[in-house]
Amino acid sequence: MLIQNQGFYLEGFDFPAFTLNHGEMVRFWVEAAPQSQTATNGSWVANKVIASMQTSLPGGEKIRLSPARVRRSFFDFIQPITLEGYLRSRLNLATPAIYERLSFFSLAPQWKLKDLGYAHQKIFAIICAFQRGSIVCYDYYGLAPESEAQLTNYVKAELGLGKSAVSFDDLSYKPENPDTERITNLDIRQRR
């Protein structure tokens, strides 16, 4: 068991008790609720939830929300790096592992990182996050249904390798029968 949480209340939302084990994912389906007059979704909830879970992690392990894109150096703008080059030089992945991970999303290894659109940037950042940590936290916000399905299949492959995940999605997009293979789906609604 990695995380045993007794449930909590957070800024208008009730989070039920949950357990996160090795090789499993907890998917929070959050009722979209703007934080301010100008906000349009509930993505701000993720960072606050992570902070509240942080205290229950064993061995001082840290989890962070995967960024929308990976960090690149100034040199990467002068000499653009490929997806394969990034995974090889920054994460020490071997060629078969690179091709396997990118194939989930039909990403070509020779594509330049700088040329990726928003969804591919976000997915690539999540791929990288899984290579760096044993617990990966990410959100599905802004991804098309096909990209969400590809990402879920990829994450389940990583779960099969013993990784764990915490994810966030918009409750209004939750399917009638969500995927439950290694996934605990939790509805998070505003307290009324």
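The values are calculated or read from the model by the stated rules, or taken from the named source; none is laboratory data. Remember, it's a predicted structure, so these values are computed and weren't measured experimentally. FYI the Cβ positions are ideal-geometry reconstructions off the backbone, even for glycines, and counts take in every protein chain you see. Note: accessible area is taken over every heavy atom of the protein model, side chains too, but ligands, DNA and RNA are not part of it. Shrake-Rupley method; radii C 1.70, N 1.55, O 1.52, S 1.80 Å.
Straight-line reach from Lys48: which lysines have a Cα under 28 Å away, not including same-chain ones fewer than 8 places off?
Qualifying lysines at Cα under 28 Å: Lys62, Lys122, Lys156, Lys163, Lys174.
May I ask for the angle, rounded to the nearest 10°, between helix 118-132 and the longest principal axis of the chain, with both axes built from Cα atoms and the value confined to 0 to 90°?
90
So what's the back-of-envelope 222 nm ellipticity for the chain, counting only DSSP H runs of four-plus at -39500 (n - 2.57) apiece and dividing by all residues, rounded to 500? Walk me through the intermediate numbers first.
Numbers: 6 runs with 65 residues, N = 192.
After summing the helix terms and dividing by residue count, I get -10000 deg cm²/dmol.
Can you work out the accessible area per residue across segment 3-190, with the rest of the protein chains kept in place, probe 1.4 Å, in square angstrom?
On the way: 9360 Å² over 188 residues.
On a per-residue basis, segment 3-190 sits at 50 Å².
Between Phe105, Phe74, Phe13, find the one with the highest GNM mean-square fluctuation for the chain; connect C-alpha pairs within less than 10 Å.
Of Phe105, Phe74, Phe13, the Gaussian network model singles out Phe74 as fluctuating most.
Using +1 on the beta carbon of Lys and Arg, -1 on that of Asp and Glu, and nothing else charged, what's the dipole of segment 3-190 about the Cα centre, debye to 20? Before the final figure, lay out the partial values.
Values: 19 positive and 19 negative charges, 172 e Å.
Rounded to the nearest 20 debye, it is 820 debye.
Using Cα springs under 10 Å in a Gaussian network model of the chain, which residue among Glu146, Glu84, Glu158 shows the largest mean-square fluctuation?
With Cα springs under 10 Å in the chain, the top fluctuation among Glu146, Glu84, Glu158 is at Glu146.
Once both labels are modelled 7 Å past Cα along the beta-carbon direction, what's the Asn92-Ala51 spacing in nm?
In this crude label model, Asn92 to Ala51 measures out at 3.4 nm.
Find how much the distance from Ala32 to Asp115 grows on full extension, using 0.36 nm per residue of separation minus their present alpha carbon separation; answer in nm with one decimal.
On the way: separation 83, 0.36 × 83 = 29.88 nm, distance 3.06 nm.
Extra length from Ala32 to Asp115 when fully extended: 26.8 nm.
May I ask you to give the percent of accessible area on segment 3-190 that is carbon plus sulfur, with a probe radius of 1.4 Å? Please list the in-between numbers first.
On the way: 4710 of 9360 Å².
For segment 3-190, the apolar C and S fraction of the accessible surface comes to 50 percent.
Please check: in the Gaussian network model of the chain (C-alpha springs, under 10 Å), which one of Gly160, Gly117, Gly23 has the largest mean-square fluctuation.
Result: Gly117 has the largest fluctuation of those listed.
Just checking my list [x] 27.8, 107; [y] 17.0, 53; [z] 16.0, 45 against Rg and Dmax of the Cα atoms in Å computed from this structure; which label fits?
[y]
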